[in-house]
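The values are calculated or read from the model by the stated rules, or taken from the named source; none is laboratory data. Quantities reported herein were computed from a predicted structural model and do not represent experimental measurements. Cβ coordinates were reconstructed from backbone atoms using ideal geometry, including for glycine residues, and neighbour counts include every protein chain displayed.
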Amino acid sequence: MKSRLRILRPVALAALLVLTATALALAQGSPSAAPAPQLPPGVTPAMMKMMLTPGKPHPAGLPRDVAPWMGCIPTMGFHYVNPKNAPFGPIYGYYQGKPVFTEVMIDKRAFDAGRSWDNELKPLPGYAIDHVDIWFEPHGHPGYEVPHYDIHAWYVSHAVHMKYCGNTSGKKPAFL
């Protein structure tokens, strides 16, 4: 049960970004300050601003019991989850006025044992899955520290979502 109370990776990323943004602001505000720290690999100032701007409290088309987790994550958009189900999901993505994915995070041991997530990993009503991205996290990540899979069932094409949140390169940034 403890793992359900931990904060998701996006929240840990937000904390890192807030600290970096604060350091940048302090460095720019003082003429004698040291040079501003570098942004994480692949992050532009515009991307950082988007990641630090929270999503709408409750966008249309998402279940009523979800809440925003942080700002706009490059290649993914905004994340929403029912806090009672965090970090396992389902987690929903939202970008430019519409839902764009359903996500689950699956413990590798449960996956290897054959457990199914059919009830959680399905599109919202009125949407269809375009494709599925599976990212294996061999060491876990902050918020879910066990080996697991992050599985996104996308309602939009790969070419479209890879440019979300200022990610003009269309490639997965190194910090994700």
* To do: Check ARG64 against each of (1) within 18 Å of PRO173 (Cβ to Cβ); (2) at pLDDT 90 or above and name the one condition it does not meet.
  => (1)
* Kindly check whether there is at least one residue in the stretch 157-173 that is farther than 24 Å from LEU39 by Cα and in contact with a His (Cβ under 9 Å, 6 or more places away or on another chain). => yes
* Could you look through the stretch 85-112, keep only residues that are without any contact (Cβ under 8 Å) to a residue 60 or more places away in the chain and in a loop (DSSP other than H, G, I, E, B), and pick out the one that is surrounded by the fewest Cβ atoms within 10 Å (Cβ to Cβ)? => GLY97
* Scanning the stretch 150-176 for residues that are hydroxyl-bearing (Ser, Thr, Tyr) and surrounded by 17 or more Cβ atoms within 10 Å (Cβ to Cβ), which turns out farthest from the chain's Cα centre (by Cα)? -> TYR155
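Is it true that some residue in the stretch 148-169 is in a strand (DSSP E or B) and closer than 20 Å to GLY42 by Cα?
No - not one qualifying residue is present in the stretch 148-169.
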